[in-house]
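Some notes on the structure that comes next.
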Amino acid sequence: MVLPLMTRAADAPPAGADTLEEVIVTAQRRAEALLDVPLSISVISAADIERLHATNLRDLDALAPGFTIIPSGSPGQAQVVVRGLPDLNGGTVVATLIDDVALGPSGLSLDMLPYDIERIEILHGPQGTLYGANSMGGVLKYVTKDPNLTAYEAQIGGEVFGIEGGGSLGTGARGAWSAPLIEGTLAVRASLYDQESPGYIKNPTRGLNHENTLSQYGGRLALLWRPAPELQVKLQGIYQRINSAGNAIIFADVVGTAQDPYYRPGSWYYGDLIYPHPVPEPYSDEVTFVSGTLDWHMAFGDLVAVSGYSDRGVSQTLDFTGVILDPSIPVRLRNDSGARKASQEFRLTSRSGQRLDWLAGVYYTHEQGWFDGYTDALDEQLNLIPNMNPFNEGHSPSTYREAAAFGTLTYRITYRFDVTGGLRWLTNRQEVEQFTPPSYSWPGGEPSTQAESAETPWTYTFSARFRPRPETMAYVRVASGYRPGTPNTPVPGYPEIPPLAKSDTMVSYEGGIKSELLNRAATVDLDVFKINWTDMQIGTQSADGRVSWEINAGNVTSEGCELTATYQAGDALHLAVSAAYTDAFATEAAPAVGIFVGTRLPSSPKWTTAATLDYRLRDLDHWTPRLSATWRHISSEYTVLSTSTAPPVGLVPAYSLVNVDLRMTRGRYEVALYAKNLSDKRTFTNGGVGGGPPGASFVFGGFTVEPRVVGLSATLTL
């Protein structure tokens, strides 16, 4: 039975009215209008990315409510935090997807240069029922552009830019091309990009003034085949590589005493943008991604089959001089890690608009991960010291398998009110090996140890949606998510190590309202939430500090509210405002790992806000100018787990950033003059109190926001 639905189209304004463009998302594995989906979603459009001249996740920090990025030195080294819930054991609690394919778990989120991207969807809170493992904090989804089956498209662009403190101009080049090979049936799309950024960190120890140069390049090839109106196949491949020559680390004096509640950064310890250290710290991140999607629209429903494969390898070098040996001996830590992941998903969904809508699916993934670590002692020329190397060495291959079945049901009680329930049952199995060469093995221990685990968790979701008017929707939602547990390899002499830190879970309770106002010229999206995180996986170590492992300890609650509002005044003015208040704190003590009731989480600002103004100016000799400005603010945040009963802890001060963009458009041509971090704000984005380079025993050190960038870009659309 088809039930008449209350839709916003029924109350649409007359043609030609000044209205906002409808945003379509796929958060619930269906194409739906953003304002119809009963959960909190933020969308960063291609136009937003273009106005910000974004080249990495840090450029999008706080652009969505409660969405923050924890940087670790350069693009590619970043964690995504949603609703103030960071990972506490080096992994991630926010799943990353390209279209419908999840990438392998890693301590770092995928940091794509967002070119040839249609939009970025950020799903807030647990999404375990539809997205499975590692999505208990939320989902970050890159949605790519499809090939055009009916029209030829081509675009080329380039830019030059300077960074405050950089030694030369940076350059960027990009191009995309789409063409129907068989009109209406077969089309191809290809894109390439390359971004070269100058360094701005000075390293007097090595005589370098621009150490952290950066290269980002890659491309995409996609094929879309529609042999019949009801059948479509999309194939695509993506490659990206990031090469960084160093980390954007700075140091400051510590302000605060044992009687002061917080340690904060004061004046620069070495000077502006200076990081003296003897060992180079290169970083590389290489991603290869392939996917295939089949959409078959049948009489009783739609079948979707999604196949995916990803291969990500990360290589990182860190300067450990003065940490484990005499400061006169340079020490290098080299880590190579990565994961290869293959996955297959089948989904069958009913046709929309029925009294009872349903979705059913199965999923399987097989992942192989690796971690190889080396510690090297070096001489003054940074060559290996023969009788001391490798100082330490370890290898840890791993395997993860998961199979799942999931489904949702939506029942429309009336055309105004419906309810949805969903379940996901899964089973996973993990195998981890720890291999250490015999000369570095523990006394009495074997050079190789193994651990394995098997779990059968399940997740659920429930939501109710009510439409008092066609343009207004209110909802409540309860949902859960989980993260796979962590097997611990045994170490002789440490019987306290548990064989497994079991999976941890999050359950969210939220309610919200979404509405279009002023004859669809404005939108408001407001929600309140409470998330309970139980059995947290967190790292601990032995009393002698020699061995570390994972345990389950403590519970955390995150509660707050989020607001997004937009206003469109014709083609001349567009305003967007977002804000979030988040309070994340412990509700169960675990003193062994520094958690007490009331302990606040690190990297969890209470306030994130952003505002964007885009204004069309009067035409100038057939050129149309548009001025846009974006302001983002992140409040202060702790650097470690913090409680009033602990000694003073580090506090990263609040900061604000402003980006501006002035673009001129005439037909196929567009030129833009832009500035990022307009006021050249110098601030920490992540860090803490501790030892710095040799000779700096107690400093505030961490990662800095990129200095002011001023650039000029040009784009030709063919």
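No value in this document is a laboratory result; all are computed from the given coordinates. Just so it is clear, the structure is predicted and the values come from calculations on it, not from any experiment. Using ideal geometry, Cβ is built from the backbone for each residue, glycine included, and neighbour counts are taken over all protein chains shown.
Inter-label distance, Leu303 to Glu496: 5.6 nm, where each label sits 7 Å from its Cα along the C-beta direction. Projecting label points 7 angstrom from Cα along Cα→Cβ for Val671 and Asn392 puts them 5.7 nm apart.
The Rg/Rh ratio for the stretch 132-182 is 1.22, where Rg is the radius of gyration of the alpha carbons and Rh is the Kirkwood radius. Model label sites at Val362 and Val160, defined 7 Å from Cα along the beta-carbon direction, differ in position by 5.9 nm. For His574, His395, the sequence from fewest to most other C-beta atoms within 10 Å is His395, His574. Applying both filters, DSSP loop and at most 13 other Cβ atoms within 10 Å, to the chymotrypsin sites (Phe, Trp or Tyr not before Pro) of the stretch 460-552 eliminates every site. For Ser328 and Tyr411, a Förster radius of 51 Å and the Cβ-Cβ distance give a FRET efficiency of 0.10, rounded to the nearest 0.05. Treating r as the C-beta distance of Leu517 and Arg618 and R0 as 22 Å, the FRET efficiency rounds to 0.20. Residue-wise HN-Hα couplings along the stretch 530-537, as the Karplus relation 6.51 cos²θ - 1.76 cosθ + 1.60 with θ = phi - 60° gives them from phi, are 9, 10, 10, 9, 10, 6, 3, 7 Hz; Gly and Pro carry x. Quote the FRET efficiency, to the nearest 0.05, computed for Arg469 versus Ala592 with a Förster distance R0 of 51 Å and r equal to the Cβ-Cβ distance. My answer for the efficiency is 0.45. For the chain, the 222 nm mean residue ellipticity estimated from helices alone, with every DSSP H stretch of n ≥ 4 adding -39500 (n - 2.57) and the total spread over all residues, rounds to -500 deg cm²/dmol.
Fewest neighbouring Cβ atoms within 10 Å first, the residues Asp295, Asp59 line up as Asp295, Asp59. Inter-part distance, the stretch 546-596 to the stretch 345-372, computed on C-alpha centroids, equals 28 Å. With 0.36 nm allotted per residue and the present C-alpha distance subtracted, the Tyr509-Leu169 stretch has 117.5 nm of extension available.
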